[in-house]
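Where a number appears in this text, it was derived from the coordinates with a stated rule and is not lab data. Quick caveat: nothing in here was measured; it's all calculated off a predicted structure. Here Cβ is always computed from backbone atoms with ideal geometry, including for glycine, and neighbour counts include all displayed protein chains.
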Amino acid sequence: MSSASQAEWQESPPAEVAGRDERIAPAPRVSVQAFCETVETAAAIQAAGEDRRMAKAHLRIQMGGLIAAIEAYRTSPTPNVIILESENRSEEILAGLDQLAAVCDSATRVIVIGRMNDVALYRDLVRRGISDYLIAPIGALQIVRSVCGLFSAPDAKPVGRIIAVVGAKGGVGASTIAHNVAFSIARDLMLDSVVTDLDLAFGTAGLDFNQDPPQGIAEAVFSPDRIDNAFVDRLLSKCTDHLSLLAAPATLDHVYDFGADAFEAIFDSLRATVPCVVLDVPHQWTGWTKQTLVGADDILIVAAPDLANLRNTKNLYDFLKAARPNDHRPLYCLNQIGVPKRPEIKAADFAKALDDGPVAAIPFDPQMFGSAANNGQMIAEIAANHRTAEMIRQLAQKLTGRAEAKKQRSGLLSPLIEKLLQRQS
């Protein structure tokens with residue numbers, strides 16, 4: 001397969017190449033990191049990153065090949081796509097990939113660039129779950145085709161993961177937690193993310209991120225026939241390098257009554273183009289909020305430590321477990337712990353009622369949270385070393401599965417075949 005692709009690149013005239021390449025689907029918002037051994041390959045990958053079809057991808061290039069990749073990911077999360085160049089022999093390439101398995105998230109897709117035109121090597125790479133193998137020297141277009149092809153194949157799974165955050169009761173700070181978690185996912189884990197404010201009448205995401213975009217989610221939900229990736233992309237407001245906002249209008253010009261599937265097209269578009277989508281779900285029980293929670297990949301319930309919150313959390317918890325029998329159970333966190341003179345239900349009592357403990361217990365700190373809200377900032381921006389900021393970082397890791405990935409790195413080296421072929425079983 002690789003040699004045929006190489007011959008095709010060398011023999012096709014420019015006009016034919018241009019005509020054929022127009023059909024390459026653009027890459028979504030993914031992070032791509034390349035580890036090269038030659039400046040020629042690095043230059044080709046850099047040129048690929050400047051192609052219009054790679055405009056949404058965040059590309060990072062460094063030298064050092066497999067050895068540098070193994071060292072880099074011992075302490076850092078792996079991106080959506082890794083491109084590895086190796087001029088070594090087949091046995092050394094396979095041995096290096098086996099070492100990479102110990103520090104590589106199972107969902108990461110790997111493209112290998114080598115000089116061995118060997119069918120046996122290709123088969124060994126396929127058995128280890130490698131996404132593609134390219135024979136050097138390569139052109140920029142081969143990289144574009146390979147990366148974009150990972151996400152445009154008919155059987156490719158959607159790249160995005162949807163995290164829904166909802167309060168067990170109004171006023172428990174669920175929106176604040178959702179916005180801070182999204183910020184941490186984007187900044188600390190460097191995943192391109194979109195925070196989506198679904199409280200169209202009273203949403204606070206625009207205020208919390210100090211944004212006042214002229215358009216947002218209302219334009220999409222009121223124009224369902226116009227929804228496509230390009231349309232939704234135009235509605236996004238950039239907050240940081242890796243975080244965008246799909247804001248609520250926060251006006252009372254309309255009555256926001258929607259059908260159960262009103263947001264499905266928007267979610268599908270976001271899921272197809274963004275690695276992580278955090279939904280700020282308002283505290284209400286309608287057909288569309290129910291469907292939003294059931295359809296999310298991960299759910300975080302935010303509750304305050306009182307009886308009404310305990311009852312509501314248990315009701316939500318039990319319903320979602322029954323409605324999602326093939327998914328892991330929802331997560332919940334306790335917020336506003338330690339309000340002076342307020343009787344509180346202990347975390348142990350929540351754990352006993354739900355048969356599961358909270359993933360975080362965030363202390364009541366009106367000074368810090370109030371300052372952040374009034375300044376349009378996140379907790380990590382005004383108090384990066386505060387224990388609450390660390391709790392939010394841990395929540396971000398838990399909700400994205402990055403906490404599990406770190407545990408895997410601490411173990412012994414495991415074969416890449418054992419880790420990556422689990423997706424095929």
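Observations on the structure shown:
- The chain - share of DSSP beta bridges that are antiparallel (%, nearest 5): 5 percent
- Over the chain, DSSP H runs of length four or greater, each weighted -39,500 (n - 2.57), average out per residue to a 222 nm ellipticity of -12500 deg cm²/dmol.
- Two-site FRET efficiency, residue 215 against residue 88, from Cβ-Cβ distance with R₀ of 51 Å, rounded to 0.05: 0.50
- Residue 194 long-range amide H proximity, modeled H, under 5 Å: 244, 276, 277, 278
- In the chain, the alpha-carbon atoms span a convex hull of 155 Å³ per residue.
- The spacing between region 254-318 and region 172-212, judged by their C-alpha centroids, is 14 Å.
- Among the listed pairs 321/346; 346/398; 290/398; 290/341; 169/341, those whose Cα-Cα separation exceeds 32 Å are 290/341.
- Convex hull of alpha carbon positions in region 161-407: directionally averaged projected area 13.2 nm².
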